[in-house]
Amino acid sequence: MAIAVPYLGHGIGLRTQHFPRLWEGTARVDWFEAITENFMIPGGRPLAALEKARAAAPLVLHGVSLSLGSTDPVNTAYLEELHALIQRFEPAWVSDHLCWGSVGGHYAHDLLPLPYSEEAITVAVENIRTVQDTLGRQILIENVSSYLTYTHSTMPEWEFIAEIAQQADCGILLDVNNIYVSAFNHQFDPVAYIHHIPPARVGQIHLAGHSDKGTYLFDTHDGPVIDPVWDLYRLAVRHCGRVSTLVEWDDQIPEFEVVRAEAERARELEAEELERSYARSA
Amino acid sequence: MLALRDLQSRFFDSLARQPGAGPASFDPTFIECVESRGPLAASERIDIYAQMYFARLLDVLQGDFSRVAHLLGCDRFHTLAADYLAQHPSTHPSLRHLGQGFPAFLRERADIADLPFLSDLAELEWARLTVFDAPDSVPLRIEHLQSIAPEQWPTLRLQTIPAFHVTRHAWPVHELWQAAEDEAREESAPQPAPTVLRVWREGVSVYHARIDTPELVAFERILAGEPFAVVCAALESVLSAEEAAATIGSLLLRWIEDGILAQLPE
Ligand SMILES: [Fe+2]
């Protein structure tokens with residue numbers, strides 16, 4: 001089994017700072033990824049901007065609050081709103097994170113890590129199935145950056161995400177920056193991580209910058225992608241082939257062109273890697 | 001080994017019970033579930049999340065209530081926000097709703113008695129946010145109004161657009177709102193004054209303006225769904241018949257200009 005999503009090229013995250021470019025009609029990029037929750041509103045400027053973005057390029061909805069690993073049931077009101085957004089904006093696909101962010105009806109508004117355990121697999125798989133059944137489509141789940149691990153864990157993270165994707169029959173949004181950050185923070189091998197990801201499940205790749213806090217790396221999305229993460233991207237392309245790729249930049253957001261230049265760099269590296277692998281196979 | 005639900009509850013409590021309080025507020029059983037690996041101990045690892053939690057939510061409140069935050073200054077706003085979040089953890093997947101209870105929370109606080117208008121100002125900031133992303137609509141155009149036959153006017157039911165609110169305050173919050181914007185303002189203690197504002201969105205821009213008694217009286221009837229004859233009668237209860245007729249004419253023109261009347265149903 002695999003994930004059936006189109007190849008969109010190299011996009012960037014849709015951010016408020018770049019809304020004026022949408023009105024000017026100068027926000028040219030392969031595709032946009034919009035943070036779902038920012039548009040779960042009745043009307044006004046953000047939704048008008050999303051209309052513009054959708055008219056300019058293909059769109060993907062990327063959620064942060066689905067809380068797929070929570071022991072709370074999936075929030076049905078949220079799912080209804082998500083469904084309405086999907087109907088209106090027809091995203092190429094929908095994604096959220098393999099993590100949890102709510103319990104007892106309270107939201108932390110953060111991507112909190114799960115223990116890599118059989119119990120967490122069961123919980124996440126059931127929630128993902130509920131979401132997919134309700135929406136009538138497969139979703140992509142993203143690996144998160146983390147700063148702690150649990151004594152409960154019985155397997156490496158890559159095995160955890162691959163097993164969930166397999167059991168729930170969903171796709172994977174592979175964030176190579178998150179792999180790099182978590183690998184540093186928990187001292188595992190990021191190369192081994194990527195090698196263990198089933199390529200046919202990977203529907204999208206995320207790239208972003210992070211901050212070095214000395215004793216740990218922090219997933220800040222506030223700067224350019226660093227070279228070791230570009231190297232991991234090359235590896236991911238060699239491993240997965242051609243995958244829609246998106247640059248996330250969420251803090252200290254620069255000019256549209258600066259973010260787009262990162263997407264262009266990804267395009268070049270992808271082309272280089274694909275050429276090499278064609279040359280090898282020829 | 002804790003069941004996942006218990007683990008998640010204890011993790012959440014460690015973040016949210018006393019936001020910003022640091023490792024002393026973390027659940028000891030939860031700390032034991034976290035690996036101390038490399039240079040960081042378990043509680044230091046939890047603290048990364050605890051600090052992120054508070055910083056993110058504080059940032060949202062600061063953005064939603066930027067003028068209140070400005071008047072309070074960093075430290076006092078920080079303290080109030082921490083207490084607010086401890087009492088009102090987010091119950092919605094979107095951060096959009098986080099500050100909903102903040103104006104009422106401020107009203108109950110004795111330690112901001114030196115800024116007695118703060119809660120009123122917070123209400124205005126919240127009303128502006130509510131209007132900012134209220135449902136879209138097509139405003140009523142003057143041509144449409146002109147095409148209404150005279151005999152239809154008495155039973156005509158005008159409606160405001162969804163992105164419209166009337167707010168009532170004990171303080172002149174529109175002046176305070178402007179003053180908080182103005183860095184070089186004169187420090188003069190504001191005086192209480194009953195104030196009614198209308199807050200609305202035109203296109204994608206949000207506005208507010210003070211309204212006088214006749215305009216308020218008219219809005220009250222319109223918002224209650226009463227026909228135009230009742231709106232006019234209400235105006236005549238506060239103005240002479242002659243003044244009322246002139247006033248309703250100029251109010252209609254201003255409302256149309258500001259785009260706050262909704263298109264009439266077919
Ligand atoms: Fe990501």
Practice item. Scan region A:125-134 and give yes if some residue there is in contact with a Pro (Cβ under 9 Å, 6 or more places away or on another chain) and either touching a residue at least 24 places away in the same chain (Cβ under 8 Å) or within 16 Å of the ligand (Cβ to nearest atom) (or both), otherwise no. Key: yes
Check your understanding: Quick one: is residue B:160 in contact with a Pro (Cβ under 6 Å, 6 or more places away or on another chain), touching a residue at least 40 places away in the same chain (Cβ under 8 Å) and of a type outside the set (Lys, Arg)?
Key -> no
Exercise for review: From the list B:69, B:113, pick out the single residue that is away from chain A (no Cβ under 12 Å), over 27 Å from residue A:81 (Cα atoms) and at pLDDT below 95.
Suggested key: B:113
Practice item. Could you please give the count of residues in region B:46-66 that are within 8 Å of another protein chain (Cβ to nearest Cβ) and either aromatic (Phe, Trp, Tyr) or touching a Phe, Trp or Tyr at 6+ places or on another chain (Cβ under 8 Å) (or both)? Key: 4
Point to revise | Tally of residues being more than 10 Å from every other protein chain (Cβ to nearest Cβ), of a type in the set (Ser, Thr, Tyr) and out of contact with any Phe, Trp or Tyr (no Cβ under 9 Å at 6 or more places or on another chain) across region A:114-134 | key: 2
Check your understanding: Name the pairs: first residue in region A:168-189 and within 14 Å of chain B (Cβ to nearest Cβ) and closer than 14 Å to residue A:231 by Cβ, second residue in a helix (DSSP H, G or I) and away from the ligand (no atom under 12 Å from the Cβ), Cβ to Cβ under 6 Å, at least 6 apart or on different chains?
Key -> A:183/A:190
Review point. Would you pick out the residues in region A:169-220 that are over 23 Å from residue A:7 (Cα atoms), buried (at least 21 other Cβ atoms within 10 Å of the Cβ) and within 13 Å of the ligand (Cβ to nearest atom)?
Key: A:180, A:181, A:182, A:209, A:210, A:219
Point to revise | Qualifying position, being among the aromatic types (Phe, Trp, Tyr) and farther than 30 Å from residue B:128 by Cα, among A:116, A:107 | key: A:116
Point to revise | Residue within region A:225-239 that is touching a helix residue (DSSP H, G or I) at 6+ places or on another chain (Cβ under 8 Å), part of a strand (DSSP E or B) and within 15 Å of the ligand (Cβ to nearest atom) present | key: no
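The values are calculated or read from the model by the stated rules, or taken from the named source; none is laboratory data. Quick caveat, the model's predicted, so the values are computed rather than measured. Every residue, glycine among them, receives a Cβ derived from its backbone with ideal geometry; neighbour counts consider all protein chains shown.
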